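What follows is a single structure, written as structure tokens, with notes after it.
The values are calculated or read from the model by the stated rules, or taken from the named source; none is laboratory data. Since we're looking at a predicted model, the values are computed, not measured. Cβ coordinates were reconstructed from backbone atoms using ideal geometry, including for glycine residues, and neighbour counts include every protein chain displayed. The area values use the complete protein model at the heavy-atom level, side chains included, leaving out ligands, DNA and RNA. Shrake-Rupley method; radii C 1.70, N 1.55, O 1.52, S 1.80 Å.
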Amino acid sequence: MDRALTASERIRLPTRPIYRRLGDRLFQIVVVALGLSIIALALLLAEVLFTDGLEPLRRFGFWGFLTGTTWDPVRGVHGTWPFLVGTLITAIASLALSFFPAIGVAIFSAEYAPRWLAGIVDTIVDLLAAVPSVVVGIWGIFVLVPLMQSHVYLPVYFWAFENAPGLLPVLGPPAGYNLVTAIIVLALMIVPYTTALARDAIRLVPRSQREAARALGATRWEVMRMAVLPYARGAITAGAILSLGRAIGETMAVAMLVGNSNTLPFTFFGPAATMPSVIVNEFREAVEDLHLASLMTVGFYLFLISLTVNLIAAWLQRKLAVGGRSL
Amino acid sequence: MDPVTMPPTVPSNPKPQQAGQGEARATVVAHAAPRMVTEGITVLYGKTVGVHDVSLTFRDKTVTALIGPSGCGKTTFLRALNRMHDLSRGVKVTGKAVLDGQDIYANGVDPVTIRRRIGMVFQKPTPFPTMSIYDNVVAGLKLVGIRDRALLDEVAERSLRQAALWEEVEDRLRAPASGISGGQQQRLSIARALAVEAEVLLMDEPTSSLDPQSTMRIEELIQELKNTVTIVIVTHNMQQAARVSDYTAFFYEGDLVEVSDTNTMFTNPKQRRTNDYITGRFG
Ligand SMILES: Nc1ncnc2c1ncn2[C@@H]1O[C@H](COP(=O)(O)OP(=O)(O)O)[C@@H](O)[C@H]1O
Ligand SMILES: [Mg+2]
């Protein structure tokens with residue numbers, strides 16, 4: 001090369017080097033392939049669950065299996081209703097229990113805490129989200145269950161025994177491994193998710209919205225209430241629904257703590273089960289083909305429910321999102 | 001700086017000029033009483049000077065325009081007038097801003113009450129997008145706990161009429177505020193400030209994001225509003241300053257260079273820099 005080209009000369013050169021166009025093509029192919037393979041993976045998963053769990057669906061019917069209240073592998077009768085109920089109760093109750101505390105932490109970290117403290121809070125929240133669920137389960141077994149047993153379940157049970165025997169069937173025998181324990185642990189496990197999603201949503205609210213509220217004479221809390229939270233409501237709601245999805249699918253900690261009973265009715269202090277917990281607890285012992293297939297079918301329904309929950313989250317986010325011009 | 005080399009006509013700290021010099025325009029009440037007076041307002045962003053030692057008088061029911069090249073401190077000064085800087089970390093305001101004899105920076109003054117009396121309209125319209133048009137207008141009233149339906153209705157209509165928006169939205173008060181045009185949104189922001197009976201209205205380039213039609217509406221509106229409120233408007237459009245204001249203050253690099261009634265300012269500025277700026281030699 002006799003002399004270096006100037007920048008403006010180089011800019012005007014035709015797009016000559018073959019590798020540049022090749023790079024473009026390669027990149028496009030890789031990205032498209034990755035995108036398609038994710039879709040294929042999801043479809044494959046659903047397909048496996050569906051075909052392997054086809055026999056129970058044939059025998060009991062789509063709705064029959066869903067609403068069947070008996071789960072008796074010995075007699076070969078399978079219905080997922082008890083586990084569906086257990087899953088919905090634990091997931092919804094744990095979301096209800098954790099939602100407001102999570103929003104509180106999110107508001108504190110995003111709006112009130114000085115920067116250094118917010119950094120610490122954020123780190124702890126992220127750490128909590130990263131604790132493996134089997135560890136949470138162990139903590140539940142060794143700390144939470146004995147604690148709840150001696151300070152809540154037994155005292156409440158004895159109190160009811162003396163004063164309100166009508167409550168006993170609802171409370172159930174005070175086993176330490178029960179619905180309430182599972183709900184508390186699930187709530188603790190999803191707090192970090194709800195918190196992190198709400199916190200980011202709050203931080204993304206434009207400064208102009210906060211200033212507009214301030215200019216009207218809003219106090220700090222009023223700025224939150226009139227400008228920030230409404231603006232962020234779509235993302236906050238979607239975050240809560242995603243957390244609900246996590247609670248629905250949470251397996252290990254729940255299986256370790258929920259007590260595992262296949263029969264309705266569930267009671268507060270008695271053992272219960274959820275869809276993931278029955279799968280993980282019975283999979284190894286399932287010797288009958290029908291039993292194994294039924295567990296697959298439970299997995300298939302769980303897949304459908306999770307999919308639905310995630311779609312609802314996406315839909316809510318779009319519906320509640322702040323639209324419109326000039327914003 | 002060596003005082004000898006300093007150009008004698010450009011004092012580094014010009015005292016505010018007595019307003020009403022030269023020929024007052026017909027619209028100017030020749031010696032309207034001062035409504036708000038600043039004394040040596042300085043705003044520091046960390047070590048950066050936003051504005052330096054600004055003393056200005058805003059007369060009752062007049063429009064004062066703040067002009068000057070970009071970055072000269074107009075916004076910074078305007079936001080010092082209703083304590084908006086309180087919200088930002090690391091911003092320091094010194095000096096006084098006296099509203100009706102009361103320094104808003106004095107100890108014990110509640111900035112929340114101050115901001116109700118001194119409303120603000122921003123460069124971009126800022127409706128609350130999840131609220132209806134109606135709820136936007138009465139947002140400030142609901143803040144103080146007013147729930148009386150009839151009263152809210154009355155204030156909403158009055159404020160929207162004052163902001164020249166009533167006719168355009170009266171049949172869709174319940175529609176989301178995000179659904180109206182940018183110009184309408186800006187008038188909605190004005191109505192919202194008027195609803196809390198702001199006595200002083202601070203406007204930071206309120207038309208810079210609007211089309212000419214909407215700009216004209218807002219300018220007409222400013223002319224009507226000054227019958228009831230005192231207006232301070234930042235603009236980088238000198239024709240706009242000439243059209244809407246009674247007084248004009250020229251800022252340059254954080255200093256107030258010159259202030260006088262608008263006519264004088266545009267026909268016979270005292271400072272060379274002012275002249276250069278308004279004749280378009282820089283800016
Ligand atoms: N948030 C801020 N942090 C640091 N410096 C700022 C900030 N806002 C404005 N400034 C500085 O203060 C000066 C005045 O800015 P501003 O008041 O926005 O000017 P204008 O509104 O006249 O264009 C500029 O030098 C600008 O860089
Ligand atoms: Mg500005």
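Sites count as exposed loop sites when they are GluC sites (Glu not before Pro), lie in a DSSP loop, and have at most 14 other Cβ atoms within 10 angstrom; the longest stretch of chain A without one is A:1-284. Charge dipole of chain B (Cα centre as origin; +1 on each Lys and Arg Cβ, -1 on each Asp and Glu Cβ, all else neutral): 480 debye, rounded to the nearest 20.
The angle between the Cα long axis of helix A:18-52 and the main principal axis of chain A comes to about 10°, on a 0 to 90 degree scale. Selection among A:Ala96, A:Trp315, A:Leu66 by position relative to the dipole of segment A:53-326 gives A:Trp315 as farthest towards the positive end (Cβ unit charges, Cα centre). The relative contact order of chain A comes to 26 percent, based on Cα pairs under 8 Å that sit 6 or more residues apart. Computed from Cα positions, the angle between helix B:182-195 and the longest principal axis of chain B comes to roughly 90 degrees. Applying a DSSP loop filter and a limit of 10 other Cβ atoms within 10 Å to the GluC sites (Glu not before Pro) in segment B:164-257 leaves nothing.
Once a ≥ b ≥ c are taken as the square roots of the eigenvalues of the Cα gyration tensor of chain A, is the result rounded (a/c under 1.5), prolate (a/b larger than b/c) or oblate (a/b not larger than b/c)? It is oblate, given that a/c is not under 1.5 and a/b is not larger than b/c. Just tell me the longest site-free run in chain A, where the sites are trypsin sites (Lys or Arg not before Pro) in a DSSP loop having at most 15 other beta-carbon atoms within 10 Å. Between the exposed loop sites, the longest stretch runs A:76-283. If you plug the beta carbon distance of A:Leu204 and A:Val280 into 1/(1 + (r/R0)^6) with R0 = 60 Å, you get a FRET efficiency near 0.95.
Ranked by the mean number of other Cβ atoms within 10 Å of their residues, highest first, the peptides B:57-64, B:152-159 fall in the order B:57-64, B:152-159. Taking each DSSP H run with n ≥ 4 as -39500 (n - 2.57) and averaging over every residue of the protein assembly as shown yields -16000 deg cm²/dmol at 222 nm. Bridgeable lysines around A:Lys319 (alpha carbons under 29 Å apart, same-chain partners fewer than 8 residues away excluded): B:Lys124, B:Lys142. By the rule of a C-alpha distance below 13 Å, with chain neighbours fewer than 8 residues away ignored, the aspartates and glutamates paired with B:Lys270 are B:Glu258, B:Asp261. Once you compute Rg and the Kirkwood Rh from C-alpha atoms, what is the Rg to Rh ratio for the protein assembly as shown? Here Rg/Rh amounts to 1.13.
Here segment A:53-326 exposes an accessible surface that is 70 percent carbon and sulfur, computed with a 1.4 Å probe and the other protein chains kept in place. Taking a ≥ b ≥ c as the square roots of the eigenvalues of the Cα gyration tensor of segment A:50-205, is the shape rounded (a/c under 1.5), prolate (a/b larger than b/c) or oblate? Taking the square roots of the gyration eigenvalues as a ≥ b ≥ c, segment A:50-205 is oblate.
Using a simple spin-label model with pseudo-atoms 7 Å out from Cα toward Cβ, A:Ala40 and B:Gln239 lie 6.3 nm apart.
Modelled this way, with points 7 Å down the Cα-to-C-beta line, the labels at A:Leu22 and B:Glu220 are 6.7 nm from one another. In the full protein context, segment B:133-223 carries 38 Å² of accessible surface per residue, based on a 1.4 Å probe and ignoring ligands, DNA and RNA.
In chain B, Cα pairs under 8 Å separated by at least six residues give a relative contact order of 29 percent. Ranking A:Phe108, A:Tyr301, B:Leu78 by Cα position along the charge dipole of the protein assembly as shown, where only Lys, Arg, Asp and Glu carry charges on their C-beta atoms, puts B:Leu78 farthest toward the positive end. Peptide A:207-214 is shielded by partner chain Cβ atoms: per residue, an average of 6 of them sit within 10 Å of its Cβ.
Legend: mean number of C-beta atoms from other chains within 10 angstrom of residue C-beta atoms, peptide A:254-264, equals 0. Between A:Arg75 and A:Leu13, the contour length at 0.36 nm per residue exceeds the Cα-Cα span by 14.4 nm.
Amide H contacts of B:Met131: B:Ala177, each under 5 Å away and 5 or more positions distant or on a separate chain (H built 1.01 Å from N in the peptide plane; Pro and chain starts excluded).
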